[in-house]
Amino acid sequence: MENSHYKVIKMEAKLLWKPEEEQIKNSNMFKYIEFLSKNYNRNFKNYGELYEWSINNMEKFWQSIWDFAEIIHSEKYKMVVDDIKKFPGAKWFVGAKLNFAQNILKYRNEKTAIIFRSEPWTEERRQITYNELNNIVSRLQNALKNEGIGPGDKVAAYMPNIPETVISMLSSTS
């Protein structure tokens, strides 16, 4: 297609990087596809097939994500979505009760939970493991309790995008 303003140039796609087989098998995507095969009797040959299924079967897809992620809840949802055609405004996992922080903090290991990179001029870099995150959140949560803050109270802060902001949110919501 050519006109006075635009010219379409066809370019050949060049593969820039391909993960090793071991990296693929250790990925969450690979584990999720295996999970679908085992628990939902769905067999996908590639990501494209999974993607097509996810957009054509949104309710089943999101149900499988809930199951795969092993969402901790005090009450399970009654329905995945109330009206799939209502975007925005659909209600998801209707009736479910869960604690966001509890689901984030369920991991207790040395895997990286937060990777922080500051503005370019300071070049500060930090990584926090799930064990470290749990310990820090627990200490701040106890400090909040000691100050008399409890369920139903509002905690607000104006903070930059740093690990302490995440830690504060998790401490307040847990």
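Values computed for the structure shown
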| read-out | value |
| --- | --- |
| Verdict on PHE61 being modelled with pLDDT of 95 or more and open to solvent by less than 50 Å² (accessible area, probe 1.4 Å) | yes |
| Number of positions in segment 69-92 that are under 16 Å from the mean Cα position of the chain (by Cα) and of a type in the set (Phe, Trp, Tyr) | 1 |
| Residue that is more than 30 Å from ASN26 (Cβ to Cβ), among the acidic types (Asp, Glu) and without any contact (Cβ under 8 Å) to a residue 12 or more places away in the chain, where the choices are GLU75, GLU164 | GLU164 |
| Residue within segment 115-138 that is in contact with a helix residue (DSSP H, G or I) (Cβ under 9 Å, 6 or more places away or on another chain), over 22 Å from GLU164 (Cβ atoms) and outside any helix (DSSP H, G or I) present | no |
| Answer residue from segment 92-111, given it is touching a Ser or Thr at 6+ places or on another chain (Cβ under 8 Å) and open to solvent by less than 60 Å² (accessible area, probe 1.4 Å) and is nearest to LYS78 (Cα to Cα) among those | ASN99 |
| Residue within segment 105-112 that is part of a strand (DSSP E or B) and either within 30 Å of GLU59 (Cβ to Cβ) or modelled with pLDDT of 95 or more (or both) present | yes |
| Residue within segment 82-91 that is outside any loop (DSSP other than H, G, I, E, B), surrounded by 12 or more Cβ atoms within 10 Å (Cβ to Cβ) and either at positive phi or among the acidic types (Asp, Glu) (or both) present | no |
| Among (1) modelled with pLDDT of 95 or more; (2) out of contact with any strand residue (DSSP E or B) (no Cβ under 9 Å at 6 or more places or on another chain); (3) over 30 Å from ASN41 (Cβ atoms), the one test that GLU119 misses | (1) |
| Enumeration of residues in segment 136-151 that are of a type in the set (Val, Ile, Thr) and either in contact (Cβ under 8 Å) with a residue 24 or more places away in the chain or touching a Pro at 6+ places or on another chain (Cβ under 6 Å) (or both) | ILE136, VAL137 |
| Selected residue (only one of TYR158, TYR77 is of a type in the set (Ser, Thr, Tyr), assigned to a loop (DSSP other than H, G, I, E, B) and either in contact with a Ser or Thr (Cβ under 8 Å, 6 or more places away or on another chain) or surrounded by 10 or more Cβ atoms within 10 Å (Cβ to Cβ) (or both)) | TYR77 |
| Hey, GLU12 at pLDDT 95 or above, loosely packed, with under 13 Cβ neighbours inside 10 Å and of a type in the set (D, E, K, R) or not | no |
| Filter result for ILE72 (surrounded by fewer than 15 Cβ atoms within 10 Å (Cβ to Cβ), within 23 Å of GLN141 (Cβ to Cβ) and β-branched (Val, Ile, Thr)) | yes |
| Scope segment 112-145; condition aromatic (Phe, Trp, Tyr) and surrounded by 13 or more Cβ atoms within 10 Å (Cβ to Cβ); matching residues | PHE116, TYR130 |
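The values are calculated or read from the model by the stated rules, or taken from the named source; none is laboratory data. Here the structure is a predicted model, which means the values were calculated and not measured. Here Cβ is always computed from backbone atoms with ideal geometry, including for glycine, and neighbour counts include all displayed protein chains. The protein model used for the area step is the full one, side chains on, heavy atoms only, and it has no ligands, DNA or RNA in it. Shrake-Rupley method; radii C 1.70, N 1.55, O 1.52, S 1.80 Å.
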